[in-house]
Amino acid sequence: MTKAKQTSPSAAPHLAPLPTLLSVEATALQLSVCTKTVRRLIARGALPSCRVGRLVRIRATDLAEFVASGTGS
């Protein structure tokens, strides 16, 4: 029987941290609007989004940029 080779934590490849993804519902809560408004913003391209399978997610950084820009168009 052979032992499994153990790797030290420093030998593991360095992975960049993943961005925080928000649901449409969480985004709506942050903006104090309804989910339909968030979906409209996404549909017209004002708020970037990504899909994870069938789920729509908004990067927290994209939401912050959207709010900082102060425009919904």
Can you tell me how many residues in the range 1-38 are modelled with pLDDT under 95, within 18 Å of the chain's Cα centre (by Cα) and aliphatic (A, V, I, L, M)?
-> 3
Expected output for the range 44-59 (first residue surrounded by 10 or more Cβ atoms within 10 Å (Cβ to Cβ), partner acidic (Asp, Glu), Cβ below 6 Å, 6+ apart or cross-chain) is Pro48/Asp62
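The values are calculated or read from the model by the stated rules, or taken from the named source; none is laboratory data. Just so we're clear, the structure is a prediction, and the values are computed from it rather than from any experiment. Here Cβ is always computed from backbone atoms with ideal geometry, including for glycine, and neighbour counts include all displayed protein chains.
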